[in-house]
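What follows is one structure encoded as structure tokens, with my remarks underneath.
The values are calculated or read from the model by the stated rules, or taken from the named source; none is laboratory data. Remember, predicted model here, so these are calculated numbers, not experimental data. Positions of Cβ are generated from backbone atoms using ideal geometry, with glycine treated the same way; all protein chains shown enter the neighbour counts. Ligands, DNA and RNA are excluded from the accessible area calculation, which covers all protein heavy atoms including side chains. Shrake-Rupley method; radii C 1.70, N 1.55, O 1.52, S 1.80 Å.
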Amino acid sequence: MPRTRRLTALATAVAALSVLATACTGQSGSAAADDPDKEVTLNFWHGWSAPSEAKAIEENIARFEKAHPNIKVKVTGNMTDDKINQALRAGGDKAPDVVSSFTTDSVGKFCNSGAFADLNPFLKKAGIDKAKVFPKTLLDYTQFNGNQCTLPLLNDAYGLVYNKDAFKAAGITEPPKTWSQFVEVAQKLTKPDGDSYEQLGIMPTYHGYETTPVRLAAQWSPTYFGADGKSNLAKDPAFAGMLTAQKDLVAKLGGYEKLEKFRSTFGDEWSAEHPFHKGQVAMQIDGEWRASMAKEAGVTFEIGTAPLPVPDDQAGDYGKGYLSGTIMGIASGSKKQNASWELVKYMTTDTEAVVAFANAIHNVPSTLAALDSPDLQVTPEFKTFLDIARHPKSNTTPAQADGGTYQLTFQDLAYAVEKGDVADIAAGLAKTGQQIDTDIAKAK
């Protein structure tokens, strides 16, 4: 299903959180003193906007209110991080008590600034062992330096969506598992047409919707920071390996300028005019929602899904991928934190609630129990992403004090490399790493 998260620029969230970090003092979760059994109304803000998503939220809230008749929830949807941060700074009765955000990259700042309460005391009091409830990678992106200021609320896994009819026409019998196979398949599927394409195997440039540097880098299992907390870009060969491999693929599929010119003809990512739907590209790096969206768009070809290929020297790790998701937390300024915890606990840990929500908006569940629930609606295309979510080598970008700024800095380098503006990748990574260290030091 379409997710507003994709429509909200990470840069906007980073800027908004920079202001929040200087304005919010916060409290610890142990400061909660309200009685959760008293009559109370909670303000819950979230970012979902599509009618089907809003309906799914309303249904979940209705189930919660039935189980907690003393708690009423006032829901406000289609809220960006910028709007949420403004309300948290302003405070007052109209400010949100509970927040759901699509920007997992902002967790470091949410925790570091004190904007959200630490949920560890609430988890402990409830007798919840978070390590037994949530997959490790999801816990990694919802906490910072031991402060569990958010919890996962559904999950996104990224893999390969492909046109089975195009594969068959090109004599390709199975999806590629290694990067060298991926390059070969992409070339076989590409049909040049002068200075354009009749069909492109895959759009490899970093502006191609979900084909971002961090999602590709995940296939190399990178370590973004060393034990000393310093950037590891220049030391971990994963980063240079990914940048080099992507640039080579860009060259083999026609070059940056030709590809970008073709990309300018693409329709909106969330419409029926998506290039995968229209057959302009035969493969697409995407999330679990793409196959269902393509079917809803009325595509006439058969759709296949698979994990993204891995570097040839990591063939044994095939099946892994990049994970991210929606997060949920309690505003540190809320005077209703115990009641708020009842809502957060229900929506993030109750198996029935998580499964119902996942089924409604076609996302990957965020608890181990929900992933294995017999009530989870699983199509063959969707199962691929469940398996990616379960894979022990699937990974994510770690939380940092500067939120997602370090990712934007790395992304800028990746853009420059693919365009040919940076020829010395090693030197570029070293310089970028230094900038990341400087930015993080300033954010602390």
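Quick notes on this structure:
- Residue in the stretch 178-200 that is hydroxyl-bearing (S, T, Y), part of a helix (DSSP H, G or I) and farther than 23 Å from T137 by Cβ present: yes
- Some residue of the stretch 379-388 being outside any loop (DSSP other than H, G, I, E, B), open to solvent by less than 50 Å² (accessible area, probe 1.4 Å) and within 28 Å of V98 (Cβ to Cβ): yes
- Identity of the residue in the stretch 147-187, of a type in the set (G, A, S) and farther than 24 Å from P365 by Cβ, that ends up most open to solvent (accessible area, probe 1.4 Å): A169
- In the set G428, G403, only one residue is more than 21 Å from the chain's Cα centre (by Cα) and not hydroxyl-bearing (S, T, Y); that residue is G428.
- Taking (1) small (G, A, S); (2) in a helix (DSSP H, G or I); (3) over 29 Å from E296 (Cα atoms); (4) more than 24 Å from the chain's Cα centre (by Cα) in turn, A234 satisfies each apart from (2).
- Residues (at pLDDT 95 or above, out of contact with any Gly (no Cβ under 9 Å at 6 or more places or on another chain) and either of a type in the set (A, V, I, L, M) or part of a strand (DSSP E or B) (or both)) located in the stretch 332-360: A339, L343, M347, A353, V354, V355, A356, A358
- Options K393, K419; residue that is surrounded by fewer than 18 Cβ atoms within 10 Å (Cβ to Cβ) and in contact with an Asp or Glu (Cβ under 7 Å, 6 or more places away or on another chain): K393
- Of all the numbered requirements in (1) open to solvent by less than 50 Å² (accessible area, probe 1.4 Å); (2) of a type outside the set (V, I, T); (3) part of a loop (DSSP other than H, G, I, E, B); (4) outside the structural domain of A294 (by the TED database), K94 misses one, and that requirement is (1).
- Every residue from the stretch 109-140 that is touching a Pro at 6+ places or on another chain (Cβ under 9 Å) and either open to solvent by 40 Å² or more (accessible area, probe 1.4 Å) or outside the structural domain of D82 (by the TED database) (or both): K136, D140
- Subset of the stretch 304-332 [over 22 Å from P152 (Cβ atoms) and touching a Pro at 6+ places or on another chain (Cβ under 7 Å)]: G304, A306, P309, Y318
- F116 being of a type in the set (A, V, I, L, M, F, W, C) and more than 22 Å from the chain's Cα centre (by Cα): no
Residues are listed down the side, and each one gets a yes or a no for (1) surrounded by fewer than 19 Cβ atoms within 10 Å (Cβ to Cβ); (2) in contact with a strand residue (DSSP E or B) (Cβ under 9 Å, 6 or more places away or on another chain); (3) over 20 Å from E381 (Cβ atoms):
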| site | (1), (2), (3) |
| --- | --- |
| M242 | no, no, yes |
| H274 | no, yes, no |
| M283 | no, yes, no |
| G298 | yes, no, no |
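- Residues in the stretch 361-378 that are at pLDDT 95 or above and among the β-branched types (V, I, T) were compared, and the one that is farthest from Y346 (Cα to Cα) is V378.
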